[in-house]
Amino acid sequence: MRLSKYLNKIPGLFVGANCLGMLLLSAVLLAVGYYALQSYTHHGETVVVPDVRGKSVKEAERLLRDAGLGVEVSDTDYVAAKRADIILEQSLAAGMTVKPERVVHLTINAAHPLPVPLPDIADNSSTREAQALLASLGFKNVKVETMKGDKNWVYKVKAAGKEVAVGTPLSTDTPISIVVGNGQLVDAYNAETVNGEVTEYVTDTIPESELGKLRDGDIVLDNPEILVEEPIDGSDR
């Protein structure tokens, strides 16, 4: 009877031992995870960010890595007064206290001005508006050419002597010419007759010399370089 009672207790002992083992294993795993997390996040560890502005890319990378930080060149700018390939800006300010392995993003100085897309100024702005916009984008060599057309209205843009479209990437050192109207063509609208005849002008701009022939009601259509009188009543002149 005593043996049978003892044997009956064995399953309970196994269950208790298993529970105790699971608790011990959980404690060990929690401890390992805690210390691993501390190590991964460098809990309690800090480094001071060095000042690498004005230094070459190679020297900046060495200083940052020696300090326990990561480094990445992520942007480029252009400052004419500074030599090429030096650091202009750093994402983490010098003297900051941060955790090891933080990545510092660097901006370097380019050897030449960066291309700028030509803004939408042709047939969309006055001379003054175009000049102000180009100056704000850094274009330094901007000249004005004239052609027949509405006074001070920009008709096209040239770069280094060739007409260029909106969005064309251009260096800010590129010579730019904005071609504007000289006022020798004037828009005419709302006319029906010329010299007593019903007439249609196949143009939307009329030379000043022709303005005396126009009356209120003349029709002006598209084709700014050709002025043609076409009687539409079928009579011959």
- Inside the stretch 121-173, can you point out the residues that are at positive phi, touching a residue at least 24 places away in the same chain (Cβ under 8 Å) and assigned to a loop (DSSP other than H, G, I, E, B)? Asp123, Gly138, Asn152, Gly167
- Return a yes/no flag: does the stretch 132-150 have any residue that is of a type in the set (Phe, Trp, Tyr), touching an Asp or Glu at 6+ places or on another chain (Cβ under 9 Å) and over 30 Å from Asp85 (Cα atoms). no
- Task: Name the residue, out of Val71, Val52, that is in a strand (DSSP E or B), more than 22 Å from the chain's Cα centre (by Cα), touching a residue at least 24 places away in the same chain (Cβ under 8 Å) and surrounded by 13 or more Cβ atoms within 10 Å (Cβ to Cβ).
- Result: Val71
- Message: If Glu89 satisfies all but one of (1) in a strand (DSSP E or B); (2) in contact (Cβ under 8 Å) with a residue 40 or more places away in the chain; (3) not β-branched (Val, Ile, Thr), what's the number of the condition it fails?
- Response: (2)
- Query: Which of the residues that make up the stretch 92-114 are in contact with a helix residue (DSSP H, G or I) (Cβ under 8 Å, 6 or more places away or on another chain) and assigned to a loop (DSSP other than H, G, I, E, B)?
  - Reply: Lys99
- Message: Could you check the stretch 92-108 and list, in sequence order, the residues that are under 29 Å from the mean Cα position of the chain (by Cα) and either farther than 30 Å from Phe139 by Cβ or free of Cβ contacts under 8 Å to residues at least 24 places away in the same chain (or both)?
- Response: Leu92, Ala93, Ala94, Arg102, Val103, Val104
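Any read-out appearing in this document is the output of simple, stated calculations on the displayed coordinates, not a laboratory observation. Computed from a prediction, not measured in an experiment: that's the story for all the values here. Methodologically, a virtual Cβ is constructed for each residue, glycine included, from the backbone with ideal geometry; neighbour enumeration extends over all protein chains shown.
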